[in-house]
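Visitor: I'd like to ask you about the structure that follows.
The values are calculated or read from the model by the stated rules, or taken from the named source; none is laboratory data. In this text, all values refer to a predicted model and were calculated from it rather than measured experimentally. Methodologically, a virtual Cβ is constructed for each residue, glycine included, from the backbone with ideal geometry; neighbour enumeration extends over all protein chains shown.
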Amino acid sequence: MVSQSNGARTEIVEVARGVYARLHEGLTNAGIIVGDDGVLVIDSLRLPSFARDLRADVRKITDKPIRYVVDTHAHWDHAFGNEEFTDVTIVGHVNCRRELEELGEGWKQGVVARNIAWSEEMKTVRITPPTLTFDQRLELHFGGRRIDLVYLGRAHTSGDIFINLPDDGLLFTGDVAQDAGVPYMVDGYMADWIETDSRILDLPFDRFVSGHGPIGTRPAMEEARDFIAAFVTTAQAAHREGRPVPAGIEAVRVALEGRFGHWRGFAGLSAGVERVYREMTPKT
Ligand SMILES: [Zn+2]
(Lines give C-alpha, C1' and ligand atoms only; values in the text may rest on other atoms or scores of the structure.)
Protein backbone atom coordinates (compact mmCIF):
# COMPACT_ATOMS: atom_id res chain seq x y z
CA MET A 1 0.00 0.00 0.00
CA VAL A 2 1.60 3.25 -1.16
CA SER A 3 0.35 6.78 -0.44
CA GLN A 4 1.56 10.32 0.22
CA SER A 5 1.76 11.84 3.68
CA ASN A 6 3.26 15.25 4.45
CA GLY A 7 4.64 15.43 0.94
CA ALA A 8 6.60 12.19 1.19
CA ARG A 9 5.93 8.68 0.02
CA THR A 10 4.48 6.34 2.62
CA GLU A 11 4.61 2.62 2.02
CA ILE A 12 3.01 0.00 4.21
CA VAL A 13 4.63 -3.41 3.86
CA GLU A 14 3.26 -6.57 5.48
CA VAL A 15 6.46 -8.13 6.85
CA ALA A 16 4.74 -11.07 8.58
CA ARG A 17 1.12 -12.07 9.00
CA GLY A 18 -0.54 -9.05 10.66
CA VAL A 19 2.76 -7.19 11.10
CA TYR A 20 3.38 -4.06 9.03
CA ALA A 21 6.28 -1.71 8.49
CA ARG A 22 5.12 1.81 7.65
CA LEU A 23 8.04 3.30 5.78
CA HIS A 24 8.00 7.09 5.38
CA GLU A 25 10.57 8.17 2.82
CA GLY A 26 13.18 10.54 4.25
CA LEU A 27 11.22 10.80 7.52
CA THR A 28 10.48 8.32 10.32
CA ASN A 29 9.13 4.78 10.07
CA ALA A 30 6.55 3.13 12.29
CA GLY A 31 5.34 -0.41 12.94
CA ILE A 32 1.81 -1.81 13.19
CA ILE A 33 1.06 -5.20 14.77
CA VAL A 34 -2.51 -6.48 14.60
CA GLY A 35 -3.53 -8.91 17.35
CA ASP A 36 -6.78 -10.78 18.01
CA ASP A 37 -8.60 -7.88 19.63
CA GLY A 38 -6.33 -4.90 19.29
CA VAL A 39 -3.37 -3.21 17.66
CA LEU A 40 0.13 -2.34 18.84
CA VAL A 41 1.84 0.61 17.19
CA ILE A 42 5.61 1.13 17.24
CA ASP A 43 6.47 4.85 17.46
CA SER A 44 3.94 7.68 17.35
CA LEU A 45 6.00 9.90 14.98
CA ARG A 46 6.97 13.54 15.15
CA LEU A 47 3.81 15.58 15.60
CA PRO A 48 0.13 15.10 16.41
CA SER A 49 -0.75 15.45 12.69
CA PHE A 50 1.71 12.68 11.81
CA ALA A 51 0.20 10.49 14.54
CA ARG A 52 -3.29 11.12 13.15
CA ASP A 53 -2.11 10.07 9.67
CA LEU A 54 -0.64 6.93 11.23
CA ARG A 55 -3.93 6.21 13.03
CA ALA A 56 -5.77 6.67 9.73
CA ASP A 57 -3.42 4.14 8.12
CA VAL A 58 -4.12 1.67 10.93
CA ARG A 59 -7.84 2.09 10.18
CA LYS A 60 -7.19 1.10 6.54
CA ILE A 61 -5.74 -2.20 7.79
CA THR A 62 -8.13 -3.09 10.64
CA ASP A 63 -10.99 -1.66 12.69
CA LYS A 64 -9.58 -3.16 15.90
CA PRO A 65 -8.69 -0.57 18.57
CA ILE A 66 -5.10 0.53 19.20
CA ARG A 67 -4.17 -0.81 22.65
CA TYR A 68 -0.43 -0.13 22.88
CA VAL A 69 2.06 2.36 21.54
CA VAL A 70 5.70 1.37 22.03
CA ASP A 71 8.29 4.17 21.93
CA THR A 72 11.57 2.81 20.55
CA HIS A 73 13.23 5.81 22.24
CA ALA A 74 12.50 9.37 23.30
CA HIS A 75 13.53 11.38 20.23
CA TRP A 76 10.92 13.85 19.07
CA ASP A 77 10.46 12.39 15.59
CA HIS A 78 9.51 9.05 17.20
CA ALA A 79 7.59 10.02 20.34
CA PHE A 80 6.06 13.49 19.98
CA GLY A 81 2.88 12.01 18.49
CA ASN A 82 2.20 10.21 21.81
CA GLU A 83 -0.46 12.71 22.87
CA GLU A 84 -2.78 11.43 20.12
CA PHE A 85 -2.96 8.08 21.95
CA THR A 86 -4.70 9.14 25.15
CA ASP A 87 -6.79 5.98 25.39
CA VAL A 88 -3.76 3.73 24.90
CA THR A 89 -0.98 2.28 27.09
CA ILE A 90 2.29 3.89 26.02
CA VAL A 91 5.26 1.60 26.69
CA GLY A 92 8.92 2.58 26.83
CA HIS A 93 12.20 2.18 28.65
CA VAL A 94 12.55 3.96 32.00
CA ASN A 95 15.27 6.14 30.45
CA CYS A 96 12.97 6.99 27.54
CA ARG A 97 10.47 8.36 30.03
CA ARG A 98 13.20 10.23 31.90
CA GLU A 99 14.62 11.77 28.70
CA LEU A 100 11.17 12.94 27.61
CA GLU A 101 10.64 14.52 31.03
CA GLU A 102 14.07 16.10 31.31
CA LEU A 103 15.09 16.83 27.71
CA GLY A 104 11.83 16.79 25.74
CA GLU A 105 11.00 20.45 26.28
CA GLY A 106 14.48 21.46 25.06
CA TRP A 107 14.13 19.34 21.91
CA LYS A 108 10.72 20.91 21.32
CA GLN A 109 12.06 24.46 21.65
CA GLY A 110 14.99 23.53 19.40
CA VAL A 111 12.62 22.49 16.60
CA VAL A 112 10.51 25.64 17.10
CA ALA A 113 13.64 27.80 16.88
CA ARG A 114 14.85 26.14 13.67
CA ASN A 115 11.82 27.54 11.86
CA ILE A 116 11.32 24.44 9.72
CA ALA A 117 8.20 22.86 8.26
CA TRP A 118 7.04 21.50 11.61
CA SER A 119 8.00 24.42 13.87
CA GLU A 120 4.51 25.96 14.01
CA GLU A 121 2.72 22.76 14.99
CA MET A 122 5.57 21.87 17.35
CA LYS A 123 4.55 24.82 19.58
CA THR A 124 1.32 22.96 20.37
CA VAL A 125 2.91 19.60 21.29
CA ARG A 126 2.20 18.24 24.77
CA ILE A 127 5.10 15.93 25.57
CA THR A 128 3.55 12.66 26.73
CA PRO A 129 5.96 10.12 28.28
CA PRO A 130 5.31 6.37 28.43
CA THR A 131 2.88 5.25 31.12
CA LEU A 132 4.28 1.71 31.36
CA THR A 133 8.05 1.48 31.68
CA PHE A 134 10.54 -1.32 32.13
CA ASP A 135 14.24 -1.65 32.77
CA GLN A 136 15.54 -4.79 31.04
CA ARG A 137 12.84 -6.77 29.36
CA LEU A 138 9.07 -6.96 28.90
CA GLU A 139 7.34 -9.87 27.25
CA LEU A 140 3.95 -9.28 25.67
CA HIS A 141 1.66 -12.07 24.57
CA PHE A 142 -0.42 -10.35 22.00
CA GLY A 143 -2.83 -11.99 19.62
CA GLY A 144 -1.16 -15.39 19.76
CA ARG A 145 2.23 -13.85 19.17
CA ARG A 146 5.13 -13.29 21.54
CA ILE A 147 6.60 -9.80 21.44
CA ASP A 148 9.80 -9.24 23.42
CA LEU A 149 10.70 -5.67 24.31
CA VAL A 150 14.40 -5.77 25.09
CA TYR A 151 16.89 -3.25 26.47
CA LEU A 152 20.52 -3.99 25.56
CA GLY A 153 22.26 -0.92 27.00
CA ARG A 154 22.81 2.67 25.95
CA ALA A 155 23.50 3.40 22.29
CA HIS A 156 21.71 6.02 20.16
CA THR A 157 20.15 7.38 23.39
CA SER A 158 20.05 6.12 26.99
CA GLY A 159 16.68 4.43 26.44
CA ASP A 160 16.69 2.54 23.14
CA ILE A 161 14.66 -0.65 23.07
CA PHE A 162 14.30 -3.40 20.50
CA ILE A 163 11.00 -5.03 19.64
CA ASN A 164 11.65 -8.65 18.77
CA LEU A 165 9.08 -11.01 17.26
CA PRO A 166 11.07 -14.24 17.61
CA ASP A 167 8.56 -16.50 15.85
CA ASP A 168 8.54 -14.20 12.83
CA GLY A 169 12.30 -13.55 12.81
CA LEU A 170 11.62 -9.82 12.97
CA LEU A 171 13.23 -6.99 14.89
CA PHE A 172 12.27 -3.30 15.16
CA THR A 173 15.45 -1.37 15.94
CA GLY A 174 14.46 2.28 16.32
CA ASP A 175 17.49 4.41 15.47
CA VAL A 176 20.25 2.17 16.81
CA ALA A 177 20.77 0.51 13.44
CA GLN A 178 19.72 1.25 9.87
CA ASP A 179 20.14 -0.57 6.60
CA ALA A 180 23.05 1.33 4.98
CA GLY A 181 22.42 4.60 6.79
CA VAL A 182 24.50 6.63 9.24
CA PRO A 183 22.51 6.98 12.48
CA TYR A 184 21.99 10.31 14.22
CA MET A 185 24.72 10.43 16.85
CA VAL A 186 24.25 13.79 18.59
CA ASP A 187 22.76 12.17 21.73
CA GLY A 188 24.68 8.91 21.39
CA TYR A 189 26.64 6.97 24.01
CA MET A 190 29.40 6.10 21.62
CA ALA A 191 31.56 3.64 23.59
CA ASP A 192 28.47 1.84 24.93
CA TRP A 193 26.97 1.71 21.43
CA ILE A 194 29.65 -0.80 20.33
CA GLU A 195 28.69 -3.17 23.17
CA THR A 196 24.96 -2.76 22.60
CA ASP A 197 25.35 -3.47 18.87
CA SER A 198 27.26 -6.66 19.61
CA ARG A 199 24.30 -7.91 21.69
CA ILE A 200 21.71 -7.23 18.98
CA LEU A 201 23.02 -10.09 16.89
CA ASP A 202 22.26 -12.53 19.72
CA LEU A 203 18.54 -11.88 19.17
CA PRO A 204 16.61 -14.24 16.92
CA PHE A 205 15.80 -12.30 13.74
CA ASP A 206 16.63 -12.32 10.07
CA ARG A 207 15.01 -9.02 9.03
CA PHE A 208 14.79 -5.67 10.79
CA VAL A 209 12.66 -2.55 10.49
CA SER A 210 14.63 0.57 11.35
CA GLY A 211 13.33 3.97 12.39
CA HIS A 212 14.68 5.34 9.13
CA GLY A 213 15.34 3.87 5.70
CA PRO A 214 14.47 0.50 4.18
CA ILE A 215 13.93 -2.91 5.77
CA GLY A 216 17.25 -4.60 6.49
CA THR A 217 18.55 -8.14 6.66
CA ARG A 218 20.86 -9.77 9.19
CA PRO A 219 23.97 -9.05 7.10
CA ALA A 220 22.92 -5.36 7.03
CA MET A 221 22.81 -5.47 10.85
CA GLU A 222 26.35 -6.86 10.89
CA GLU A 223 27.35 -3.93 8.67
CA ALA A 224 25.65 -1.47 11.03
CA ARG A 225 27.54 -2.99 13.98
CA ASP A 226 30.84 -2.82 12.09
CA PHE A 227 30.19 0.80 11.12
CA ILE A 228 29.73 1.94 14.73
CA ALA A 229 32.75 -0.06 15.93
CA ALA A 230 35.00 1.38 13.20
CA PHE A 231 33.63 4.89 13.65
CA VAL A 232 34.06 5.01 17.41
CA THR A 233 37.44 3.29 17.62
CA THR A 234 38.87 5.51 14.85
CA ALA A 235 37.61 8.68 16.53
CA GLN A 236 38.86 7.48 19.93
CA ALA A 237 42.32 6.82 18.45
CA ALA A 238 42.39 10.30 16.88
CA HIS A 239 41.50 11.81 20.24
CA ARG A 240 44.24 9.84 22.00
CA GLU A 241 46.74 11.04 19.41
CA GLY A 242 45.78 14.59 20.33
CA ARG A 243 44.30 15.45 16.96
CA PRO A 244 41.81 18.32 16.88
CA VAL A 245 38.19 17.61 15.92
CA PRO A 246 38.50 18.43 12.18
CA ALA A 247 41.43 16.00 11.88
CA GLY A 248 39.42 13.41 13.79
CA ILE A 249 36.53 13.80 11.35
CA GLU A 250 38.92 13.42 8.43
CA ALA A 251 40.48 10.30 9.99
CA VAL A 252 37.03 8.72 10.35
CA ARG A 253 36.06 9.68 6.81
CA VAL A 254 39.23 8.14 5.36
CA ALA A 255 38.93 4.96 7.44
CA LEU A 256 35.26 4.33 6.63
CA GLU A 257 34.85 5.72 3.12
CA GLY A 258 35.81 2.55 1.25
CA ARG A 259 33.25 0.35 2.95
CA PHE A 260 30.53 2.82 3.97
CA GLY A 261 30.97 5.86 1.68
CA HIS A 262 27.78 5.03 -0.25
CA TRP A 263 25.57 5.06 2.90
CA ARG A 264 22.81 7.60 3.45
CA GLY A 265 24.11 10.47 5.55
CA PHE A 266 27.80 9.63 5.13
CA ALA A 267 28.55 13.34 4.65
CA GLY A 268 27.44 14.02 8.23
CA LEU A 269 30.12 12.46 10.44
CA SER A 270 31.11 15.51 12.47
CA ALA A 271 28.48 15.30 15.24
CA GLY A 272 29.47 11.72 16.04
CA VAL A 273 33.17 12.55 16.24
CA GLU A 274 32.43 15.52 18.50
CA ARG A 275 30.35 13.22 20.67
CA VAL A 276 33.23 10.70 20.97
CA TYR A 277 35.64 13.51 21.84
CA ARG A 278 33.29 14.88 24.51
CA GLU A 279 32.90 11.41 25.97
CA MET A 280 36.70 11.06 26.25
CA THR A 281 37.27 14.47 27.81
CA PRO A 282 37.44 14.19 31.59
CA LYS A 283 34.69 16.20 33.27
CA THR A 284 36.07 19.05 35.36
ZN1 LIG B 1 16.46 8.95 17.23
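Visitor: Show the residue pairs that are 6+ apart or on different chains and have beta-carbon atoms under 7 Å apart, the first residue being within the stretch 117-136 and modelled with pLDDT under 95, the second being surrounded by 14 or more Cβ atoms within 10 Å (Cβ to Cβ).
Guide: Listed by first residue and then by second, the contacts come to 118/46; 118/47; 118/111.
Visitor: Run residue 111 past the list (1) within 16 Å of the ligand (Cβ to nearest atom); (2) assigned to a helix (DSSP H, G or I); (3) surrounded by fewer than 17 Cβ atoms within 10 Å (Cβ to Cβ) and report the number of the one that doesn't hold.
Guide: That leaves (3) as the condition not met.
Visitor: Search the stretch 12-58 for residues being within 15 Å of residue 211 (Cβ to Cβ) and without any contact (Cβ under 8 Å) to a residue 24 or more places away in the chain, and hand back the single one that is surrounded by the most Cβ atoms within 10 Å (Cβ to Cβ).
Guide: Among them, the one singled out is 24.
Visitor: Go through the stretch 114-137 and report how many residues are closer than 28 Å to residue 154 by Cα and either of a type outside the set (Val, Ile, Thr) or touching an Asp or Glu at 6+ places or on another chain (Cβ under 9 Å) (or both).
Guide: 13
Visitor: While we're on this one: Taking the stretch 162-182 as the region of interest, how many residues are surrounded by fewer than 24 Cβ atoms within 10 Å (Cβ to Cβ), assigned to a loop (DSSP other than H, G, I, E, B) and within 13 Å of the ligand (Cβ to nearest atom)?
Guide: Qualifying residue count for the region: 1.
Visitor: To continue, here is another question. Name the single residue that is nearest to residue 281 (Cα to Cα) among those in the stretch 183-211 being within 12 Å of the ligand (Cβ to nearest atom) and crowded, with 22+ Cβ neighbours inside 10 Å.
Guide: Within the stretch 183-211, the first condition is being within 12 Å of the ligand (Cβ to nearest atom), and the residues that meet it are 183-188, 210-211.
Subsequent filtering for residues that are crowded, with 22+ Cβ neighbours inside 10 Å retains 183, 185, 188, 210-211.
Values: 183: 23, 185: 17, 188: 15, 210: 31, 211: 30 Å.
Once the filter is applied, the top-ranked residue is 188.
Visitor: Another question about this same structure. Could you check residue 154 against (1) assigned to a helix (DSSP H, G or I); (2) buried (at least 18 other Cβ atoms within 10 Å of the Cβ); (3) of a type in the set (Lys, Arg) and say which number it fails?
Guide: Failing condition for residue 154: (1).
Visitor: Checking residue 217 against (1) within 16 Å of the ligand (Cβ to nearest atom); (2) touching a Lys or Arg at 6+ places or on another chain (Cβ under 7 Å); (3) among the hydroxyl-bearing types (Ser, Thr, Tyr), only one condition comes out false. Which one?
Guide: (1)
Visitor: On the basis of being part of a helix (DSSP H, G or I), in contact (Cβ under 8 Å) with a residue 40 or more places away in the chain and not aliphatic (A, V, I, L, M), does residue 101 make the cut?
Guide: Details: part of a helix (DSSP H, G or I): yes; in contact (Cβ under 8 Å) with a residue 40 or more places away in the chain: no; not aliphatic (A, V, I, L, M): yes.
For residue 101, the condition - part of a helix (DSSP H, G or I), in contact (Cβ under 8 Å) with a residue 40 or more places away in the chain and not aliphatic (A, V, I, L, M) - is not met.
Visitor: Given the conditions (1) over 17 Å from residue 31 (Cα atoms); (2) in contact (Cβ under 8 Å) with a residue 24 or more places away in the chain; (3) among the hydroxyl-bearing types (Ser, Thr, Tyr), which single one is not true for residue 173?
Guide: So residue 173 meets the others, but not (1).
Visitor: Kindly check whether there is at least one residue in the stretch 41-49 that is farther than 20 Å from residue 12 by Cβ and out of contact with any strand residue (DSSP E or B) (no Cβ under 8 Å at 6 or more places or on another chain).
Guide: There is at least one residue in the stretch 41-49 that is farther than 20 Å from residue 12 by Cβ and out of contact with any strand residue (DSSP E or B) (no Cβ under 8 Å at 6 or more places or on another chain).
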